[in-house]
Amino acid sequence: MDDLLAALRAVAEPTRLRLLALCAGGELTVSDLVGLLGQSQPRVSRHLKVMCDGGLLERIPEGAWVLYRAARRGPGGDLARQVLALLPPEDPDLARDHARLLALKVARAEAAAAYFRANAGRWAELRSLYVDEAEVEAMLRAELAARPIGDLLDIGTGTGRLLEVLGPLAERAEGIDASREMLALARANLDRAGLGQCAVRQGDMYALPFADAAFDVAVLHQVLHFADAPAAAVAEAARILRPGGRLALVDFAPHHLEMLRSEHSHRRLGFSDDEVAQWCDHAGLTLVSRRRLPGASLTVVFWLAERRPVLGG
C-alpha cells in the first residue's frame with residue numbers, strides 16, 4: 001500500500017505526467033527532457049527524482065550520462081502502464097511533446113546514418129580498433145554451429161562480414177541494414193565470397209521486413225550500442241524467431257569511453273548482464289549462456305538467448 005501511494009503521489013502533477021509519457025517513448029537524458037519540455041534543468045531534475053523515488057521511472061547511470069525510462073517492474077511499473085493508457089493523445093502538451101520526441105529521434109537517426117555513410121569504406125578497420133574481431137567471429141561460429149543454423153538473419157549487417165562468417169553454415173542467410181552505402185559494400189563482399197545463399201536488403205531493425213517466426217537464428221552484432229531503444233530491437237528480433245530459435249547478442253560490457261559517443265556516434269556505453277536478461281525475458285526469450293572477451297580497453301560480451309514456446313501454440 002505504501003509503495004502504491006508513493007507512486008500515485010509521484011505521478012499526480014502535470015509535468016510529471018508529461019515526463020512519464022516521454023520516458024515511455026525511449027531512454028532519455030536530463031538534457032533531452034529539458035529541451036523537450038522547455039523547462040529548466042533544476043525543475044526537470046527535481047520531478048525526475050520524485051518519480052524515480054515513486055518507482056514510476058528507472059534511472060540508468062552510464063558514464064557521464066544518466067538515462068531515464070518508464071519503469072517496467074513493481075507497483076510503480078504497473079501503475080505507469082495504467083496511467084499511460086489513460087493519457088489523452090489529443091492533449092496539446094502531450095501532442096507537442098510527442099512531436100518533439102519524434103524530431104529528436106529523427107535527428108539522432110540522421111546523425112547515425114551520416115556517420116555510417118562517412119565510415120562505410122573503413123568499417124572493418126574501425127571495428128578492429130578496440131577488439132580482436134577474429135576472436136569474436138571464431139566464438140560466434142563455434143557457439144552457433146553447435147546446432148544446425150537453418151535460416152539466419154543478421155540485423156545491422158553493415159559490410160556483411162558476419163554473413164561471410166556464418167553464411168556457409170546456414171541453409172539461408174539474410175542481412176538487413178539501414179545504410180545503402182553499407183549494403184553496397186556487403187553485396188560486393190558476398191559476391192566476391194561466392195555466397196549465393198546469402199542476401200541483403202535495406203530495413204529497419206525496429207520493424208523487420210519479415211513475418212513472425214521466419215528464422216532459426218538472429219544476430220545483433222555490435223549494433224545495440226547505436227540503438228535509441230535497444231530493448232525494442234531485441235523484442236523485434238525475438239518476433240521473427242521460431243520457437244527454440246536463438247538470438248545472439250554481441251556488444252560491449254559497461255565502460256566509460258566517452259569518446260565513442262563523441263567520435264563514433266555510440267548511444268550507449270555498453271550493457272550489463274541484468275539489463276540484457278530483462279530485455280530477453282520481456283521479449284519471450286530465455287538467456288541461456290554468456291561469454292566475455294576482455295580487450296585492452298573494452299570487454300566484448302556474447303549473450304545467447306532462446307525463444308520460448310508460444311503458449312497455446
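Coordinate-derived values only; no laboratory data. It should be emphasised that the depicted structure is a prediction, and the values quoted were computed from it without experimental measurement. Cβ sites come from the backbone with ideal geometry, for glycine too, and all protein chains shown count toward neighbours.
Residue exposure proxy: L298, L183, ordered by other Cβ atoms within 10 angstrom of their Cβ from fewest to most, comes out as L298, L183.
Counting only the Cα atoms, the range 247-313 fills a convex hull of 87 Å³ per residue. Placing +1 on each Lys and Arg Cβ and -1 on each Asp and Glu Cβ, with no other charges, gives the range 1-71 a dipole about its Cα centre of roughly 260 debye.
Measuring max minus min along each principal axis, the C-alpha atoms of the range 2-87 give extents of 31, 26, 21 Å (largest first). In this Cβ point-charge picture (+1 for Lys and Arg, -1 for Asp and Glu), the chain has a dipole of about 240 debye about its Cα centre. GNM on the chain, alpha-carbon springs under 10 angstrom: the most fluctuating residue among I155, I176, I60 is I60. Bin all alpha-carbon pair distances of the range 200-253 at 10 Å intervals from 0 and give each bin's fraction as a whole percent. Result, from short to long distances: 24, 58, 18, 0 percent. Full extension of the chain segment joining L169 with D132 gains 11.1 nm, where the gain is 0.36 nm per residue of separation less the Cα-Cα distance. Beta bridges assigned by DSSP with both partners in the chain are antiparallel in approximately 55 percent of cases. Calculated on the alpha-carbon coordinates, the convex hull of the range 123-307 measures out at 104 cubic angstrom per residue.
Among E58, E171, sorting on how many other beta-carbon atoms sit within 10 Å of each Cβ, with the fewest leading, yields E171, E58. Based on C-alpha pairs under 8 angstrom that are at least 6 apart in sequence, the chain has a relative contact order of 13 percent.
For the peptides 50-57, 74-81, 94-101, the ranking by mean Cβ contacts within 10 Å, running from highest to lowest, is 50-57, 74-81, 94-101. As a calculated quantity, the FRET efficiency between A253 and K49 at R0 = 41 Å, using C-beta atoms, amounts to about 0.90. Note on the range 1-40: Cα-only Rg and Dmax are 11.7, 35 Å.
In units of 2.2 N^0.38 Å, what is the alpha-carbon radius of gyration of the chain?
Cα Rg divided by the expected 2.2 N^0.38 Å: 1.05.
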